[in-house]
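Everything on this sheet refers to the single structure shown next.
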Amino acid sequence: MSGREGTGEFRKRKHDNFPHGHRREEKDSINPPSAMTLSFKAFQVELDTKHDKYERLVKLSRDITIESKRVIFLLHRITSAPNGEEILMESETKLDLVRQKIKQVAQELMGEDMYQFHRAISPGLQEYVEAVSFQYFIKTRSLVSIEEINRQLIFSEEDKEEEAKPSSDCHNKQHNTSSLKVTPVDYLLGVADLTGELMRMCINSVGNGDIDTPFELSQFLRQIYDGFSYIGNTGPYEVSKKLYTLKQSLAKVENACYTLKVRGSEIPKHMLADVFSSKTEIIDQEDGLS
């Protein structure tokens, strides 16, 4: 064993005297990035941009869901409110705020394929359809169409000319239009969720002494159920899954109508809501066992 090896020293390499950064710069200068490396860097930037946009859309969809639920909670007060017009006006104001959120979604999706980001915005759109259709039913006792919903989601903007230009040119404005279309699947899922709100409206109206509304709701829900039955298992999986919940809501409303028709004169009006609540719990337990 030599003396150098015995002392535990190691022989330094020739390039160890140069800083590490200097060596990398020298290596990059010798081997510049290839076309494939540049392509993958461009892919990285594109994917990062897409992921950031997706996260922004998820946050907007969450805000749309929250605000739409607040509109639904507000509309449920109409069964006991002395003046329903004030609640309808307040709900319209809140829906306008929801549409401003949807406008931001439409601006994010300008020039993009909406179906690439559909999963991010679908929950919010379904909740918006539920709120709009609930308000529309209270006003007209009918179901809002998907064309009417999409017509409300066309937003126009005016880009004014610069203030430095003469006043004679102030009338020259550019109209930019952005829109967001609710897909048929989101529309059907929102309408399916509407049936649950109509069932709650039925129970609340009975508790307030309104005997006519349950029968009206029963006919309306039967028509919706018949329409969904035509789709059956041929439609998307989410739609067929909602069909079971729709059937439950219809059964509860029909049970309420049956109780009103057969035993309505026996039970005091202030106790009808409690009777219906107990019977709906029995229906839920039977459905859980089956």
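The values are calculated or read from the model by the stated rules, or taken from the named source; none is laboratory data. This structure is a prediction, so every number in the text was calculated from the model and none was measured. FYI the Cβ positions are ideal-geometry reconstructions off the backbone, even for glycines, and counts take in every protein chain you see. SASA here: full protein model, heavy atoms, side chains in, ligands and nucleic acids out. Shrake-Rupley method; radii C 1.70, N 1.55, O 1.52, S 1.80 Å.
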Task: Spin-label model distance (nm) - ARG70 vs TYR230, 7 Å beyond Cα toward Cβ - done: 3.8
- [ ] Grab the beta carbon distance between ALA42 and VAL185, set R0 = 41 Å, and tell me the FRET efficiency rounded to 0.05.
- [x] 0.75
Open item on the list: So, taking all protein chains as they sit and a 1.4 Å probe, how much accessible area belongs to VAL58, in Å² rounded to tens?
Closed with: 40
Open item on the list: Exceeding 23 Å between C-alpha atoms, which entries from my cross-link table qualify? They are LYS53/LYS94; LYS69/LYS101; LYS69/LYS261; LYS103/LYS181.
Closed with: LYS53/LYS94; LYS69/LYS261
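For every other residue with a beta carbon closer than 12 angstrom to the beta carbon of THR65, add +1 if it is Lys or Arg and -1 if Asp or Glu, then tell me the sum.
Values: positive: LYS59, ARG62, LYS69, ARG70, LYS101; negative: ASP63, GLU67, GLU127, GLU130, ASP193.
That works out to 0.
Considering only protein heavy atoms, with the full assembly of protein chains and a 1.4 angstrom probe, order TYR244, TYR230, TYR237 by accessible area, largest first. Don't skip to the answer; put the middle values down first.
Values: TYR244 115, TYR230 195, TYR237 155 Å².
So the residues, ranked largest to smallest area, are TYR230, TYR237, TYR244.
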Task: Share of carbon and sulfur in the accessible heavy-atom surface of region 68-116 [1.4 Å probe, %] - done: 49
- [ ] Kindly sort LYS53, LYS59, LYS94 by accessible area of their heavy atoms, largest first, with the probe set to 1.4 Å.
- [x] LYS59, LYS94, LYS53
